[in-house]
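**Student:** Have a look at this one.
Laboratory data are not the source of any read-out in this text; all were calculated from the coordinates shown. No experiment lies behind these values; they were computed from the predicted model shown. Note that we place each Cβ from the backbone using ideal geometry, even for glycine, and neighbour counts take in every protein chain shown.
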C-alpha cells in the first residue's frame with residue numbers, strides 16, 4: 001500500500017463533495033471544487049526536472065479500471081518481492097472487476113470512501129483508495145480517521161512527487177469530511193515507504209507483530 005513506498009465508492013462520473021479553495025504543496029497547487037458535480041485537480045508548477053505533461057488528480061470513474069489495475073499490479077509485484085511469504089500478485093481480471101464495478105470499498109463504506117486517480121496525457125499513473133474509519137478499540141477516543149487503504153504510483157512515474165500529491169489530495173478530502181487524523185499502514189521491510197511517510201509528517205502510532213503458528 002504505497003508508491004512502492006510501496007470506497008463502497010461507486011466508480012461513476014459522480015464526484016464527491018470536496019473542499020473549495022486551494023492547497024499549496026510546493027510543487028503543485030491542489031484545486032478543489034465546492035460542489036458534488038465539481039472536480040478535484042492539480043495545477044502542477046513546471047520545473048526543469050518536471051515533465052511537460054500536467055497532472056490531474058480526480059475521482060475515479062469506471063473506465064479508469066484498467067489503468068488502476070496496471071498500477072496496482074506493479075505495486076503487488078514490488079510487495080511480493082519484499083515479503084513473498086505473505087504477499088502475492090492477485091489476478092488482474094479480478095482486480096479490474098472490483099474497480100470497474102466500484103467494489104474496492106466494502107458496502108458499509110458507502111458515502112464514506114473514495115478512489116482518486118492521477119492522470120497525465122490520458123494515462124492513469126497513480127491512484128489512492130481512501131476511507132473514513134473509527135478505531136474499534138474502546139480505549140481509543142472516538143476520532144474520525146482518513147485511512148489510506150491503497151496508494152501506488154506507476155513504475156515509470158516514480159520520483160516525480162506524484163505519491164506526495166496523491167497523499168495531499170487524500171488528506172484534503174478527509175479534512176473536508178471532518179477527519180482529525182490521516183492513517184495508513186506499510187510493510188515493515190519497506191524502508192523507502194517509511195522514509196517517505198515520515199517526511200510527510202506521519203509517525204508510528206501502533207505496531208502489529210506476527211508469528212507463524
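**Student:** Suppose each label sits 7 Å from its Cα in the direction of the beta carbon; what would the residue 207-residue 80 distance come out to in nanometres?
**Tutor:** Those two pseudo-labels are separated by 3.0 nm.
**Student:** In whole angstrom, how far apart do the alpha carbon centroids of the stretch 68-96 and the stretch 167-212 sit?
**Tutor:** 20
**Student:** Also, I was wondering about something else. If I take every Cα pair under 8 Å that is 6 or more residues apart in the stretch 138-213, average their sequence separation and divide by the length, what percent do I get for the relative contact order? Don't jump to the answer; show the numbers that get you there.
**Tutor:** Details: 45 pairs, mean separation 27.6, N = 76.
About 36 percent, as a whole number.
**Student:** What ranking, highest mean first, results for peptides 162-175, 90-103 when packing means the other Cβ atoms within 10 Å averaged over each residue?
**Tutor:** Result, highest mean first: 162-175, 90-103.
**Student:** A further question follows. On a full-extension model of 0.36 nm per residue, what is the gain between residue 62 and residue 110, subtracting their alpha-carbon distance, rounded to one decimal in nm? Don't skip to the answer; put the middle values down first.
**Tutor:** On the way: separation 48, 0.36 × 48 = 17.28 nm, distance 1.63 nm.
Extending this stretch completely gives an extra 15.7 nm.
**Student:** Quick check on packing: order 105-118, 197-210 by the mean number of other C-beta atoms within 10 Å, highest mean leading.
**Tutor:** Numbers: 105-118: 19.0, 197-210: 10.2.
Taking the mean over residues of other Cβ atoms within 10 Å, the ranking is 105-118, 197-210.
**Student:** Using the Kirkwood formula on the Cα atoms of the stretch 62-213, what hydrodynamic radius do you get, in angstrom to one decimal? Don't skip to the end; give the middle numbers.
**Tutor:** Numbers: mean 1/r = 0.0604 Å⁻¹.
Answer for the stretch 62-213: a Kirkwood hydrodynamic radius of 16.5 Å.
**Student:** Sticking with this one: Do you know the relative contact order of the stretch 59-199, to the nearest whole percent, from alpha carbon pairs under 8 angstrom that are 6+ apart? Could the numbers behind the result be given before it?
**Tutor:** Details: 200 pairs, mean separation 30.3, N = 141.
Over the stretch 59-199, the number comes to 22 percent.
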